[in-house]
1. Which net charge results for the neighbourhood of Ala171, defined as the other residues with beta-carbon distances under 10 angstrom from its beta-carbon, given Lys and Arg at +1 and Asp and Glu at -1?
2. What length, rounded to one decimal in nm, is gained on full extension from Arg173 through to Thr254, with 0.36 nm per residue of separation minus their alpha-carbon distance?
3. Counting Lys and Arg as +1 and Asp and Glu as -1, what is the net charge of the other residues whose Cβ lies under 11 Å from the Cβ of Thr148?
4. Cα gyration tensor of the range 172-264, axes a ≥ b ≥ c as square roots of the eigenvalues: rounded (a/c below 1.5), prolate (a/b > b/c) or oblate?
5. With all protein chains present, how much of the accessible area of the range 64-136 (probe radius 1.4 Å) comes from carbon and sulfur, to the nearest whole percent?
6. Residue separation times 0.36 nm, minus the C-alpha to C-alpha distance between Thr211 and Thr263: what's the value?
7. Please give the per residue accessible area of the chain, computed with a probe of 1.4 Å over protein heavy atoms only, in Å².
8. Could you check the spin-label model distance between Arg196 and Glu86? Points 7 Å from the Cα along Cα→Cβ, value in nm.
Amino acid sequence: MSISRRQVTAAALAAVPAAFAATGTAQAASRHRTLYIAGDSTAAQKYADAAPETGWGMALPFFLHKDRPVANHAVNGRSSKSFLDEGRLDVILAAIRPGDFLLVQFGHNDEKSADPTRYTEPWTTYQDCLRLYLDGARARGARPVLATSVERRKFDADGNAVPTHGDYPAAMRALAEEEGVALLDIQALSLALWQRLGPEETKTYFNWTATEQDNTHFNPPGAIAVARLVAQELLRTRVLRPQDVCRIDDEIPTSWITWPEATA
């Protein structure tokens, strides 16, 4: 991220009135508290032309009470850096309110070292970018939550699920501990899930079709399974209360997933 971008973001944060956060609890008590998602294609809303590809953010509302709506701002192809540089965090921060939540999951595209518009280094620029999400949410009285990247479908010759995200999950875990932020360890949990399912059954969770073998993005069963992990982690970390979640152990019909027509 450029110095000028940091300066602009810092100036925006400094402009938030101090009294805003102080009154956050009272404001939040009188309305629904929204969970905003900042992330990449694994979480993003998909449209009719992409079906059956499904982001886990599309399935997360099935596990949350109606008073905990989801505002899914995840976008295909974005990293923690490019999401910032395109002003997408600014859009969230203009809408987020005291008592809301900002769930941040990046890593897949931060790894792309050949693309300077997206690449971040795990222990320096990746953590620096993530701090801006944390600071922005906190300045507005919202609660930031970090989620390690969901794992790709990759197995070795012996059928063992293989991690693919290098140091990015470890860097996020370290940052969460340093900043005192709730961490949803979706990378570890999804890797364990793919291991239990095995090389063949996992194909039914990813976007494998007659013409495509996609080991990164999900179909409806996969998106529902990952959203369930996210909801379970939100509950385990006490970001949400038991009364905030629903259907945690229920079978969710894949017919509940819909793909709207893309708008111009």
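1. Values: positive: Arg173; negative: Asp110, Glu121, Asp167.
So the surrounding residues net to -2.
2. Details: separation 81, 0.36 × 81 = 29.16 nm, distance 3.20 nm.
Full-extension gain reported as 26.0 nm.
3. Working: positive: Arg173; negative: Glu151, Asp185, Glu233.
Summing Lys/Arg as +1 and Asp/Glu as -1 gives -2.
4. On the way: a/c = 1.75, a/b = 1.45, b/c = 1.20.
In terms of gyration-tensor shape, prolate.
5. Working: 1380 of 2630 Å².
The nonpolar share, carbon plus sulfur, comes to 52 percent.
6. On the way: separation 52, 0.36 × 52 = 18.72 nm, distance 2.56 nm.
Separation in residues times 0.36 nm, less the Cα-Cα distance, equals 16.2 nm.
7. Working: 11730 Å² over 264 residues.
That works out to 44 Å² per residue.
8. Computed distance between label sites Arg196 and Glu86 equals 3.4 nm.
The values are calculated or read from the model by the stated rules, or taken from the named source; none is laboratory data. These numbers were taken from a predicted model, which means no experiment stands behind them. Using ideal geometry, Cβ is built from the backbone for each residue, glycine included, and neighbour counts are taken over all protein chains shown. For accessibility, only protein heavy atoms count, side chains too; no ligands or nucleic acids. Shrake-Rupley method; radii C 1.70, N 1.55, O 1.52, S 1.80 Å.
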